[in-house]
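Engineer: What follows is a structure written as structure tokens; I'll ask about it next.
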Amino acid sequence: MTIQVVLADDEILARQRLRLLLREQADCEVVGECATAAETIELVRTAHPDLVFLDVRMPDMDGFDVVDALSAEKGFTMPCIVFTTAYDQYAVRAFEVHAVDYLLKPFAPERLWRTLQRIRERGGAETGEAEERGGIRYASRIVFKSKGRIVFLPVPEIRWIGAEENYVRISTADETHLLRETMAHLEKRLDPHFFLRVHRSSIVNLQHVKEVRMESDGDTAVILLNGEKVPMSRSYRARMQRLLHS
């Protein structure tokens, strides 16, 4: 399979370097280059590439405006987006719009090869950082900043999520992460086939649930495979029962 590529960057030398690197990949074909966001939108609409290397900062609009404009078109199949930039502060936002990767300039050829290999393994234009079910795209990993680093957390590793005032705490097997996020927004990003709200302050990953238990005081708790106990409120109990009997 040939991966058709568009290069979108206002720096001529940046496009030239990327074009030369891609020549070393037999299955990659550069079908066009753009220096502005408007040119990029028009070319992608016309050429329908599999992959766009997209600079974040462009003269007329930024790379996120390009993604928004293309995503708004009904029936349009989005290509894989790989952001290329010299600035690291846009990384979290990039993955929130389901970018496949985020390359910090200047990047080594080996870093580019890893990106291309990921695209090949995931099947080209149908990749990205979201999984689609019933026409709705759900996150396949959560990207956030934590203690000076950018964390790429695969969604299946999440065991449960708890609300803490204006934050949410995500628990995995090895650690927890505190994010400034709302439960309602995070819940919308997670596939309901695997993640269930069991309390206004907690969401569980059903793949890590062992049982639902009635406590001696009449309360209900969700017991995870590792023995952790997550309280379940009465208002959410019916949702679990419907799920178990579906």
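Engineer: Residue check: is THR2 over 15 Å from VAL82 (Cα atoms) and free of Cβ contacts under 8 Å to residues at least 24 places away in the same chain?
Structural biologist: In short, no.
Engineer: So ARG57 ticks every box in (1) surrounded by fewer than 20 Cβ atoms within 10 Å (Cβ to Cβ); (2) in contact (Cβ under 8 Å) with a residue 60 or more places away in the chain; (3) touching a Gly at 6+ places or on another chain (Cβ under 9 Å); (4) of a type outside the set (A, V, I, L, M, F, W, C) but one. Which box is left unticked?
Structural biologist: (2) is the only condition that ARG57 fails.
Engineer: Of the residues GLU228, GLU164, which is touching a Leu at 6+ places or on another chain (Cβ under 9 Å), surrounded by fewer than 16 Cβ atoms within 10 Å (Cβ to Cβ), at pLDDT 80 or above and charged (D, E, K, R)?
Structural biologist: Numbers: GLU228 fails: touching a Leu at 6+ places or on another chain (Cβ under 9 Å).
After applying the criteria, what remains is GLU164.
Engineer: Of the numbered conditions (1) under 23 Å from ALA99 (Cα atoms); (2) touching a residue at least 12 places away in the same chain (Cβ under 8 Å); (3) out of contact with any Ser or Thr (no Cβ under 8 Å at 6 or more places or on another chain), TYR167 fails exactly one; give the number of that condition.
Structural biologist: (1)
Engineer: Hey, another quick one. Quick one: ILE203 ticks every box in (1) in a strand (DSSP E or B); (2) more than 24 Å from the chain's Cα centre (by Cα) except a single one, so which number is it?
Structural biologist: Tallying (1) in a strand (DSSP E or B); (2) more than 24 Å from the chain's Cα centre (by Cα), ILE203 fails exactly one: (2).
Engineer: Would you mind listing the strands (runs of 3 or more DSSP E) fully within the range 1-87 where at least 2 residues are of a type in the set (Asp, Glu)?
Structural biologist: Where strands (runs of 3 or more DSSP E) fall fully within the range 1-87 and carry at least 2 residues being of a type in the set (Asp, Glu), they are 28-34.
Engineer: Return the only residue of TYR167, TYR236 being aromatic (Phe, Trp, Tyr) and over 21 Å from the mean Cα position of the chain (by Cα).
Structural biologist: Working: TYR167 fails: over 21 Å from the mean Cα position of the chain (by Cα).
None of the other options fit; the residue is TYR236.
The values are calculated or read from the model by the stated rules, or taken from the named source; none is laboratory data. Worth saying up front: this structure is predicted, and the values here are computed from it rather than measured. Cβ atoms come from the backbone with ideal geometry, glycine included; neighbour counts cover every protein chain shown.
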